[in-house]
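Following: one structure in structure tokens, then a few remarks.
All of the numbers you see were taken from the coordinates with simple rules; none came from a lab. Bear in mind the structure is a predicted one, so any value in this text is a computation, not a measurement. Cβ placement follows ideal geometry from the backbone for every residue including glycine, while neighbour counts extend to all protein chains displayed.
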Amino acid sequence: MTTYRTLFISDLHLGTRASQADMLLDFLKHNDAETIYLVGDIVDFWRIRRGAIWPQSHNDVLQKILRKVRKGTRVVFIPGNHDDGLRQYCGQRFGGIEIERQAIHTTADGRRYLIIHGDEFDVVVRYAKWLAFLGDRGYELALATNTPLNFVRKRLGLDYWSLSSYLKQRVKTAVNFIGEFENSLAEEAKRRQVEGIVCGHIHHAASREIHGVHYVNTGDWVESCTAVGETLGGELQVIRWLEVMRAREAATRAFPQLEAA
């Protein structure tokens, strides 16, 4: 078990077939923190309106988080655009979970970070919500293609490869959008006079300096399976859980006695 001072997790999209709930459960089993921020799009109500997909693993994720609350972990939930219906409950608590529109987090070494989902700085979501829904359906289709594609790749002994992630990285407009989004968030952090910002929304994990601001994006649990952890010393690190699991599986194959132990 690895213990962090703080964990930041976003874009679980529970209620969708693409949600990597089993992977997240494994992450929560091996990692703990004094505080956990759920940085939006935890439950995908956009998809649920079209018909819920809710396997036991999705329920297990919520139960796991609630168990951590009961054991003393502070959990702060900042709703995103896919669970924006819960924004009306900001300032309240449910099951010990604090619901907030935004938050300011102070690291162990005294730096202040604005915690926000980020959809407020997505011009498509703000001004053309119908287009956001259309894009969401296209993204969902690309994600659905990943499953049969990777079934074949696994049979051929190849690693997981994401068509949807590849398309996002290759399309010039998507790359430009990410850059504009990151710059807008960095400007907001400067306006709020904080040292950094932690967000989600675009499913693109990152930790970099932008115009003197530490920009951090948690990524997602649909494709990349990433989170951000604050060490006990105050350093923010991107955790790429797929890489951790692959390394663990490789070590088990090399040293099978470790699994037995």
The base-10 log of I(q)/I(0) that the Debye equation returns for the range 205-261 at q = 0.30 Å⁻¹, one scatterer per C-alpha, is -1.09
Can you order the peptides 12-23, 236-247 by their average number of other Cβ atoms within 10 Å per residue, highest first? 12-23, 236-247
Where Lys and Arg each count +1 and Asp and Glu each count -1, what net charge lies around D60 among other residues with Cβ under 14 Å from its Cβ? +2
List the equivalent ellipsoid semi-axes of the range 19-115 in whole Å, largest first, each obtained as the square root of 5λ for an eigenvalue λ of the Cα gyration tensor. 23, 18, 12
Shape descriptor, the range 1-69: equivalent ellipsoid semi-axes (Cα gyration tensor, sqrt 5λ, whole Å, largest first) stand at 23, 12, 9
For labels at D109 and Q63 in the simple 7 Å Cα→Cβ model, what's the distance in nm? 4.0 nm
Residue-count net charge about H214 - beta-carbon cut-off 11 Å; Lys, Arg +1, Asp, Glu -1: 0
How far apart, in nanometres, would the label points at Q88 and Q56 be if each is projected 7 angstrom from Cα along the Cα-to-Cβ direction? 3.4 nm
